[in-house]
There are 2 protein chains.
Amino acid sequence: MGRTAGRSPEETRRALLTAAGEAIRVRGIHASLDEIARFAGVSKGGLIYHFASKDELIMGLVHAELAAFQASVDAALDPDDTAPGRLTRAYIRAVLTPAGDEARESLALITQLMTLPAVAEVARADAERIDAALAADGLPEDVLALVVAAADGMSSAPLWGASAQTPAHHRLAERLLHLTRHPALWQDLDWPR
Amino acid sequence: MGRTAGRSPEETRRALLTAAGEAIRVRGIHASLDEIARFAGVSKGGLIYHFASKDELIMGLVHAELAAFQASVDAALDPDDTAPGRLTRAYIRAVLTPAGDEARESLALITQLMTLPAVAEVARADAERIDAALAADGLPEDVLALVVAAADGMSSAPLWGASAQTPAHHRLAERLLHLTRHPALWQDLDWPR
DNA sequence: GTCTATAGCTAGATAGAC
DNA sequence: GTCTATCTAGCTATAGAC
């Protein structure tokens, strides 16, 4: 077993990505390779064996985070729900439910990572993909715009240190889900013009 | 006039803050003092004369940005509007109107700056202040939570590279303003429970 | 009021031992 | 597969000239 710590290469890789996420979330994008490596229980040289450069490590982290967010949306899909808006409901749940803490932390982390142009481009492409999927989810676009904007707004509140965990916010989340099932409620309101 | 560039100290300070904002928005928080200084047309030594350290420069920038956002909300206040929700309407307009491009760029910049704990603390306190002011604006809290979340969500879309400039988003902005004037529309909907 | 020069530090990356 | 040692670059901040 030599100098290995009893971990498989894949486990070490995952540990390094987790450590990088944690370090960057806390210390910002300046977190050094040294810190990240120590946090994962290897040396800087060990890190460099798995990720040839900091850029490579960060891009690996970005892909892992985007995949994790997609996975949380998939996990929030209700198999019994085949009505229009099912993906939108999963999106809202993934972004807002308590179990979606990781999703919100991911957003905070991605925001840090977007300092790098290469990351911004990947994130933009991913956002476009999600938008397209939501647009094809069968909801009237006005209702979709409302519920997605409101869910995004609530989920981004922690970025400013504010809380979106008041009773009013919980009611709002429920009502957004309700609107996806009864879009006419919103569309038939007495709007001007 | 010696070596001065024909600018007053205040002008130089403002130029440095503007340059710092631009540089950090584009290059991230790592933007060097050298870059910032050159962008403002002074040398690094000149920058350090006005801001003793990078931290001081950044905190100066943060305060300027938060003040600018507050000013854009104030400017969006309609003097003829004395009905409940007038501040909320100004907030929505400041965050969403085309003239609020700067507001959105400010958000992007603040997000970069929040890497630093000291900045995060200042931003959190500012967000709390704004939340308190909005809470005292006379709207039912359910309606307030909805319109603020939706406005925040639309304004944060550019962070992910997505666009909130579709016709549906413009309609949504109008409807949010409308709801602040007729909160019963939302409250009297046929909600479950 | 702004500049040059440079000290001093930290980080990323490489080489090679084990 | 992981570690230590070291090289090199880039950054902040200081000292002092102009």
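Values for this structure:
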| read-out | value |
| --- | --- |
| Within segment A:108-143, considering residues that are surrounded by fewer than 21 Cβ atoms within 10 Å (Cβ to Cβ) and within 22 Å of B:Ala145 (Cα to Cα), the one modelled with the lowest pLDDT | A:Ala108 |
| Which numbered condition A:Pro192 misses (of (1) at the interface with another protein chain (Cβ under 7 Å from one of its Cβ atoms); (2) assigned to a helix (DSSP H, G or I)) | (2) |
| Single residue of segment A:165-180 satisfying the filter (in contact with a helix residue (DSSP H, G or I) (Cβ under 8 Å, 6 or more places away or on another chain) and more than 8 Å from every other protein chain (Cβ to nearest Cβ)) that is surrounded by the fewest Cβ atoms within 10 Å (Cβ to Cβ) | A:Leu177 |
| For A:Ala162: the one exception among (1) buried (at least 21 other Cβ atoms within 10 Å of the Cβ); (2) free of Cβ contacts under 8 Å to residues at least 24 places away in the same chain; (3) part of a loop (DSSP other than H, G, I, E, B) | (1) |
| Flag if B:Leu185 is within 19 Å of A:Leu177 (Cα to Cα), within 7 Å of chain A (Cβ to nearest Cβ), part of a helix (DSSP H, G or I) and not small (Gly, Ala, Ser) | yes |
| Single residue of B:Thr12, B:Thr4 found to be modelled with pLDDT under 95 and surrounded by fewer than 19 Cβ atoms within 10 Å (Cβ to Cβ) | B:Thr4 |
| Per-region count, segment B:36-88, residues within 16 Å of DNA strand C (Cβ to nearest atom) and either crowded, with 19+ Cβ neighbours inside 10 Å or assigned to a helix (DSSP H, G or I) (or both) | 19 |
| The one condition in (1) charged (D, E, K, R); (2) without any contact (Cβ under 8 Å) to a residue 60 or more places away in the chain; (3) not assigned by TED's automatic domain parsing to the domain that holds A:Thr12 that A:Arg38 fails to fulfil | (3) |
| Counted residues, segment B:30-59 - those being over 24 Å from A:Ile24 (Cα atoms) and either more than 11 Å from DNA strand D (Cβ to nearest atom) or small (Gly, Ala, Ser) (or both) | 11 |
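The values are calculated or read from the model by the stated rules, or taken from the named source; none is laboratory data. Since we're looking at a predicted model, the values are computed, not measured. Cβ: placed from backbone, ideal geometry, glycine included. Neighbour counts: every protein chain shown.
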